[in-house]
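Please treat every number below as a calculation from the coordinates, not as lab data. No experiment lies behind these values; they were computed from the predicted model shown. All Cβ positions, glycine included, derive from the backbone under ideal geometry; neighbour counts span all protein chains shown.
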Amino acid sequence: MKSSRPSKSKDITYVLLKESLEKEDCPTCYLLARTRERWLDSLLYEHVNDSVLRDKIREIGFCTRHIWAMLKYSEEHPIVDGLGISIIVQDVLGDKLSIMLKTEIANADWGKKCILCELLDESEKSYSESFAIWFGGDEFQELYRTSPSIFCMNHLRSLLRELQDKDRKLIMQIHLTKLEKLNRDLKSFIRKFDWTVKEKPTYEEADAKQMAIRALKGSEY
């Protein structure tokens, strides 16, 4: 799909996209991590006893990554505490135990289709399309040029697929400039570990390894 800048007023999506470009992260990864956090908070704080959602969790489940993310989230946010996740996993465990007592079969299918993965896949597509719309204008192009953010390879590819030719070339030029600077910072950081070099690494040079990992593989969400 080839997108152009919309004429409609700036909405919450615009605000979120702009915010993501101010972070030392892949903008799309940042937004997806935010989406995950907000969904987990809503589940554990407000919707633990939602019968429809509980049925879906019991049937489909969570992948390994996201069930551990849910536990970590509950441990790091005291207002949520451990009750919500305990209710959820007890419900699933009790259901599986009941089935196993009857069949004596260990079915490992639960979580192969993760409901949170499904949500994030839909959000990922939506964010890529929205970025392409706003990168059709000068404002977001300049924001990306001057920001500390850098798209990971996967989300850069998704963005480029959505852009018009002229915008695709410009974004690629900006991105390559960012990668070249990142590569220089990494080299300089490594060089300054030589005993003959008295100069200390700058903040950007010390942070370059993390940014390089984000540029290559993105952030976890």
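A few points about this structure:
- 3J(HN,Hα) along the range 143-151, derived from phi through the Karplus expression 6.51 cos²θ - 1.76 cosθ + 1.60 where θ = phi - 60°, amounts to 4, 5, 4, 9, 8, x, 6, 7, 5 Hz, with x in place of Gly and Pro.
- Charged-residue dipole, Cβ positions (Lys, Arg, Asp, Glu), the range 143-213 about Cα centre, Debye nearest 20: 120
- Positive-pole candidate from Val92, Ile105, Ala69, dipole of the range 65-221, charges at beta carbon: Ala69
- Euclidean distance between Cα centres, the range 102-129 to the range 158-221, Å: 32
- Across the range 12-217, the mean sequence separation of Cα contacts (distance under 8 Å, 6 or more residues apart), normalised by length, yields a relative contact order of 28 percent.
- Computed about its Cα centre, the charge dipole of the chain is approximately 920 debye, with only Lys, Arg, Asp and Glu carrying charge at their Cβ.
- Candidates Lys125, Lys112, Lys23, ranked by Gaussian network fluctuation over the chain, Cα under 10 Å, top entry: Lys112
- Comparing Leu97, Leu176, Leu159 in a Gaussian network model of the chain where C-alpha atoms under 10 Å apart are linked, the largest mean-square fluctuation is found at Leu97.
- Residue range of the chain that is longest and free of GluC sites (Glu not before Pro) which are both DSSP loop and sparsely packed (at most 15 other C-beta within 10 Å): 105-198
- When P(r) over Cα pairs in 5 Å bins from 0, in percent is computed from the coordinates, the matching label among [x] 1, 6, 12, 15, 16, 16, 14, 10, 6, 2, 1, 0; [y] 1, 7, 15, 19, 22, 18, 11, 4, 1, 0, 0; [z] 1, 6, 12, 14, 13, 12, 11, 11, 8, 6, 3, 2, 1, 0, 0 is [z].
- Backbone N under 19 Å from the Ala206 label point (7 Å along Cα→Cβ), restricted to the range 10-36: 24-25
- A Gaussian network model of the chain, with springs between Cα atoms under 10 Å, assigns the largest mean-square fluctuation among Ile85, Ile174, Ile99 to Ile99.
- For the range 99-111, putting each phi into the Karplus relation 6.51 cos²θ - 1.76 cosθ + 1.60 with θ = phi - 60° gives couplings of 5, 5, 5, 7, 9, 6, 10, 8, 8, 9, 6, 4, x Hz, in residue order, rounded to whole numbers and with x for Gly and Pro.
- Members of Lys112/Lys217; Lys23/Lys200; Lys72/Lys217; Lys18/Lys125; Lys113/Lys178 lying beyond 27 Å, as alpha-carbon distances in this model show: Lys113/Lys178
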